[in-house]
Amino acid sequence: MLRGASAEALRELTGSLGSSGTLEDQAQLGQDLFGVVRVLRGDAALRRALTDNSVEGDSKAGLANAVFASAVVDKAASLVADAASRRWTSSADLATVLEQLAVVTTVRSAGAKGKQVGDELFGVRRLVDGNPDLRSALADPARTTADRGTLLTGLLSGKVEAATETLVSEAVTRDGSIASALDAYLELAAQALEETVVTVHTARELSAADQQRLADALSKQYATTVQLHVVLDPGLIGGLRVEIGDDVIDGAVASRLDDARRKVAG
């Protein structure tokens, strides 16, 4: 969770990100920002130098331009220099914020298919969850980051949007589990589309009409557009379990039975 100066930097940089340029321009901007993030996370000295609050902002921006301007498009160079000129609560926050900007612009590069990118990320998340061998391979420290990325994107090649492939390959490079990285990217993808992620666990398939009615009801209740992801879970027996942000709406039969058992036992 970003705090203080870093949270303010994220808000202002997101505002300056904009959505101008062609979809190809936005895709390139996302790739370049991801490249900068990889450099920063691999070079602690550079990261500290660009976030040293005792140094004038113009000097830090100049350093950022000297390092990155010749390697990235102008928009990326401008954003990185702007970011470096700001104050930061923690040196690690610079890379975190630039990564979030990279995710947002990559999702936007899909244009009208932005929601599909969110759906595909959720599908990859389910694929990893449901395949222990794949999950183990992705967590294998003996494999290089490039090898793990190729392993996963190889399964997706030609089956998902280019933006989805980019985000999945970057998620593999993150510290921690691929699942947690995909969850973070899912939330950012929804934010890029000004939507809220909703996960619905159901014991039976929901028709398109049922999903639309549920999405409409939740959008009205929470005053936001929702991005609905449905998970088939026979263990629920019946009913639905809806997760939206920190809220859980549990109408599952299994949950009600558990509650009844606890009351009897108590």
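Key figures for this structure:
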item: Residues of the stretch 7-29 satisfying the condition of being in a helix (DSSP H, G or I) and over 14 Å from Thr96 (Cα atoms); result: Glu12, Gly15, Ser16, Leu17, Leu23, Glu24, Asp25, Gln26, Ala27, Gln28, Leu29
item: Number of the exception - Thr89 against (1) under 20 Å from Ala9 (Cα atoms); (2) outside any loop (DSSP other than H, G, I, E, B); result: (2)
item: Tally of residues being out of contact with any Asp or Glu (no Cβ under 9 Å at 6 or more places or on another chain) and either surrounded by 19 or more Cβ atoms within 10 Å (Cβ to Cβ) or free of Cβ contacts under 8 Å to residues at least 40 places away in the same chain (or both) across the stretch 148-164; result: 6
item: Top-ranked residue in the stretch 207-246 [being in a loop (DSSP other than H, G, I, E, B) and under 26 Å from the mean Cα position of the chain (by Cα); ranked as farthest from Gln116 (Cα to Cα)]; result: Asp246
item: Residue identified as part of a loop (DSSP other than H, G, I, E, B) and either on the phi > 0 side of the Ramachandran plot or not aromatic (Phe, Trp, Tyr) (or both) among Ser59, Ser54, Ser78; result: Ser54
item: Residue pairs meeting the criteria (Cβ under 6 Å; at least 6 apart or on separate chains; first not assigned by TED's automatic domain parsing to the domain that holds Gln116, in the stretch 218-233; second assigned to a strand (DSSP E or B) and not hydrophobic (A, V, I, L, M, F, W, C)); result: Ser219/Thr225; Thr224/Thr196; Thr225/Glu195; Val226/Thr196; Gln227/Glu195; His229/Thr199; Val231/His201; Asp233/His201
item: Any hit, the stretch 2-19, residues being closer than 30 Å to Ala162 by Cβ and touching a Phe, Trp or Tyr at 6+ places or on another chain (Cβ under 8 Å); result: yes
item: Set Ser109, Ser91, Ser85: member being within 22 Å of Asp175 (Cα to Cα), surrounded by 16 or more Cβ atoms within 10 Å (Cβ to Cβ) and either within 21 Å of the chain's Cα centre (by Cα) or outside the structural domain of Ser169 (by TED's automatic domain parsing) (or both); result: Ser91
item: Helices (runs of 4 or more DSSP H) contained entirely in the stretch 112-198, each with at least 3 residues that are of a type in the set (D, E, K, R); result: 114-129
item: Cβ-Cβ under 8 Å pairs, at least 6 apart or on other chains, the stretch 3-25 side within 10 Å of Trp88 (Cβ to Cβ), far side among the hydroxyl-bearing types (Ser, Thr, Tyr); result: Gly4/Thr89; Ala5/Thr89; Ser6/Thr89; Ser6/Ser90; Ser6/Thr96
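The values are calculated or read from the model by the stated rules, or taken from the named source; none is laboratory data. As the structure is a prediction and not an experimental result, all values here were calculated from the model. Heads up, the Cβs are rebuilt from the backbone with ideal geometry, glycines too, and the neighbour counts pull from every protein chain shown.
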